[in-house]
Structures are given as C-alpha cells and as structure tokens.
Amino acid sequence: MNHRRVATAALLALSLLLLAACDSPAPAPSPTATQPRPTATTVSAPPTPTAAAPVETPSSAAAQPLDPTATAAATLPVRPSESPTPEPAPTTEAAPTAAPAPALPRISLRPAFPNLRFRHLTNLTQPEDGTNRIFVTEQAGRVSVFPNDPAVESAGVFLDIRDIVNEGSNEEGLLGLAFPPDFSETGRFFVHYTASSPRRSVVSRFSVSEGNPDLADPSSEVVILEVEQPFQNHNGGQIEFGPDGYLYVALGDGGAAGDPYGNGQDTGTLLGAILRLDVSGASPDAGYAIPPDNPLVGVTGARGEIWAYGLRNPWRFSFDPVTGLLWTADVGQDKYEEIDVVKRGGNYGWNVMEASNCYRPRRDCDTTGLELPVAEYGRGDGCSVTGGHVYRGDGIPGLAGAYVYGDYCTGRIWGITFDGETAAEPQLLLDSELLITSFGSGVDGSLYVLGRDDGVYVAVPA
C-alpha cells in the first residue's frame, strides 16, 4: 500500500510502542495546575490493596499510586509484559463456538483527507446535524473540524483545551468526543480527557461560540464527572450517546498491571466499567442523573452509574445503528485481546479472566456469572486491540452487518458477524501496517480508520 512507512519510521514507531507495551509509561512532565472549573461529581480514589492480594509491580517509578488523601476527583492502549517472574500457563476455558459464515470481502484503505495532517489522533466522529462536517481529536487536547470533502486543504480548530489536558503518558490526553442528538439545536457536546493534580479522568460539556458553529467556547466547560486515577494507564476514554439518548462512558481498571486494586470486580468503584448517565439536565450544580433502570440501581454497595463491568481497558466502543448492540474491544494483559458484545449488567471477567482464559488464579478460576468474549486473539496476531464499528454503509458489498476492528501494534483489521447469539470466526480483511488508534463512522455509513500520526483513511473495496 502507498502508506507503508520507510524502515526508519517503522523502527521509531515500534520503539514508541514498546515503551507503551510494558504498562510503565515514561515519566510525565511536571504537572501544571488546572484552571478552576465547576465540579459536579467527585469519586474517591480506590483503597490501598491488602497484602493478601497478589500485585504486579510496574517497572517504572513514574507510575505511582495517587495519594488517597488528595481532595479532587481518571490512553492509548498499552501492551504489557508486566509479570516480573514467570507464571504457569493459564487454563483455557471453553470459548464460544464459532458459527460458519459467508466469506467477508477484503478491503483496502484510501487516504480520506490527504491534505490534512494531525498528531496523535484519538477520535473521529460526524454529528447528524446536517452540516456534513467531520470532527477529529488529537491526544494533546485539540478538536479539529473540516468539511467532509477529500479535497479539503485545511482544518479549523474547533476546541483547544491543551492547557487543562494532561498528555503526560502514552495513554493520557483527550480521549473521547460525543455529540448528543440535539446538538444542532443546543450547540452542546461532550469530551472525555485526563487531567493532573490530582490525576483523574474528566467528562465535561462544552458549547459552541455564539454565532459561530465552527468554534467552541473553551470557557463554557461544565464538568459532568471526575474519577480519580491511581495510575497513568488504562483510562478507557470512549464516550458515546446510545440509542436511548443516555451518555455511555468507558473507564479502565485504574492501571498498573494485573488490576492491583481489584477494580474490575468491584462494583463499588466506577473504574473497570462502562457507565450509563443521564446528562440531559447537566448544569454547574448537577452533573448527571442516574437512569433508574441501570442494572445496579438499589444494589447495596454498588454504583448505580454502572452499565457493565469486569473490563480492563475498553479501548473504543460503539453502537450498531441498526440493532442497537453495544460492541467494545478490551485490551488484554499480556496474552489475549478480546471483543465483547456488552449486555446490561454484564460482568466481563477481568481480572478473574483475560478474554476466555483464567488469569487469577491461573487455573480453575470460578467463571460463574462471567460473560465470555465473542472473539479473542493472542500474541501471534497482535498486542493491543482497537475497537471499531459495525459497517452499515453500501460502498463495500458483502460487509454490511460485520463488526470491523483492528490491532494497534500490527495494523491488522478483522471483520466478525454476530447473529445475536453466536459470533462467527473473525476474518482478516486487511494487513494495513498502520498504528490504528481508532475507527470512525460517517453519517452515510462510511468506515474510517485512524493512524496515530498517519492521518485518516476510509475503507473501500480491495
């Protein structure tokens, strides 16, 4: 393909990846104080793990737990090799039986906007506001906007919040962008980013500037949710409005290695979960409401915001616009990557399981009540899964209805079909060699693929 990198660039990208892959990010620059903002909800940091819990220690001194006495209220996916000592091979549980399915078509990638250049892309979205504009996010804290035209020469800066976003490690930064269904009427939209002092994930609402729909007002921020993050990695970061009009938010397990705080199986924390929030009445005094039909509402000791849990680092989720199913990719520990169809109240197993395999304990783990992934792969196929979208366009015959996802490390892209009960065997659609950070979907069903620094590509027939 015409986007294959020269050898030196590939080696540079690989070296950056390997830094991220050990779950011990490079030391962050000295944090600067964030500007004061109205805070609606503050969630306390998780308690210190007990001595009885096995803890894997990251090798970098930079990944230190957040001071539990801090008073305020969490990246790109990492591929660890975190275990300091060899461990026995895990026991493999019975994975879902793959159903036979017709062959999916191979695809190719074409530069979608060849004149545009971006740094560390994390998101692409296109609101259904009738303007045919594309929005992309860069990890440092900038949102750009441009017409959906391959010949576009430049992108405008829609929102620049680099002064309050912390991009101190490989997985921190501006990670999510979502437009509600009423965006064209209200001019309000939502972002998910990481901040420092203390380290935390922030979900905020912003508004467009009066009289200029191509420019947001940085001073319009209303903080919806803040969640303390004990480490620099596993922030999740995706946000999206579901078919029900609620805002869904992905948060990782808090980071380090092996989930030392046990957040994945702790429904008393918001970490390691996908949340479902009602932000329709958000204001500086009231960040969100909890939908009364959330699965853990009324459960003693549980957080009512949780929609599903038991996740390690859900890196990109999306809704199928036809079926309404919620798909997510969950970045694995050191052996397996997984794809999940997320159910209301589902427990996806981390850190009892890594994909469909025992993780803690390594053998004979209790999988009662745990949801198995619909697909998984091991180190032979990649090392950090990036969630995608169900293709609903008409430009690639035979691909409609398939969930398309990829791997950050290898650039491989797969498709998988699901009949509502059983997933078919994943099929390789393309070996792209991109560092795939995200996928996006246009209002016309076009499927976009984001390379970390390679720009935006659109999927076309091979």
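Quick notes on this structure:
- Modelled this way, with points 7 Å down the Cα-to-C-beta line, the labels at Val297 and Arg106 are 5.1 nm from one another.
- Annotation: extensible slack from Ala400 through Arg117 equals 98.9 nm (criterion: 0.36 nm per residue apart, minus Cα-Cα distance).
- With every protein chain in place, the stretch 99-138: carbon and sulfur % of accessible area (1.4 Å): 50 percent
- Mean projection of the Cα convex hull over all viewing directions, computed for the stretch 92-227: 12.9 nm².
- ³J(HN,Hα), Karplus 6.51/-1.76/1.60, whole Hz, each residue of the stretch 372-387, x for Gly, Pro: 7, x, 8, 7, 8, 8, x, 5, x, 10, x, 9, 7, 6, 10, x
- Accessible surface, per residue, of the stretch 367-413 when the full set of protein chains is kept, probe 1.4 Å, Å²: 32 Å²
- Take the Cβ atoms of Thr368 and Ser184, set R0 to 56 Å, and the FRET efficiency comes out at 0.75.
- Each peptide in 327-340, 401-414 receives the mean, over its residues, of other Cβ atoms within 10 Å, and ordering these scores from highest gives 327-340, 401-414.
- Of the two radii for the stretch 223-294, the radius of gyration is 1.00 times the Kirkwood radius, both from the alpha carbons; that is the Rg over Rh value.
- Label-point separation in nm, Glu153 to Thr131, each point 7 Å along Cα→Cβ: 2.1 nm
- Inter-label distance, Asp431 to Asp381: 1.4 nm, where each label sits 7 Å from its Cα along the C-beta direction.
- Using a Förster distance of 45 Å, the FRET efficiency for Thr422-Asp163 (Cβ separation, nearest 0.05): 0.40
- By average C-beta atoms within 10 angstrom, highest first, the peptides 344-352, 392-400: 344-352, 392-400
- Kirkwood hydrodynamic radius of the stretch 295-441, Cα pairs, Å: 15.9 Å
- Judged by the mean number of other Cβ atoms found within 10 Å, the most tightly packed of the peptides 149-157, 420-428 leads the ranking 420-428, 149-157.
- Viscosity 1.306 mPa s, temperature 10 °C, Stokes-Einstein D of the stretch 236-370 from Kirkwood C-alpha radius, µm²/s: 105 µm²/s
The values are calculated or read from the model by the stated rules, or taken from the named source; none is laboratory data. Owing to the predicted nature of the structure, the values given are computational and were not obtained by experimental measurement. When we count neighbours, we look across all protein chains shown, and the Cβ atoms used for this are built from the backbone with ideal geometry, even at glycine. Protein only, heavy atoms only, side chains kept; ligands, DNA and RNA dropped before computing areas. Shrake-Rupley method; radii C 1.70, N 1.55, O 1.52, S 1.80 Å.
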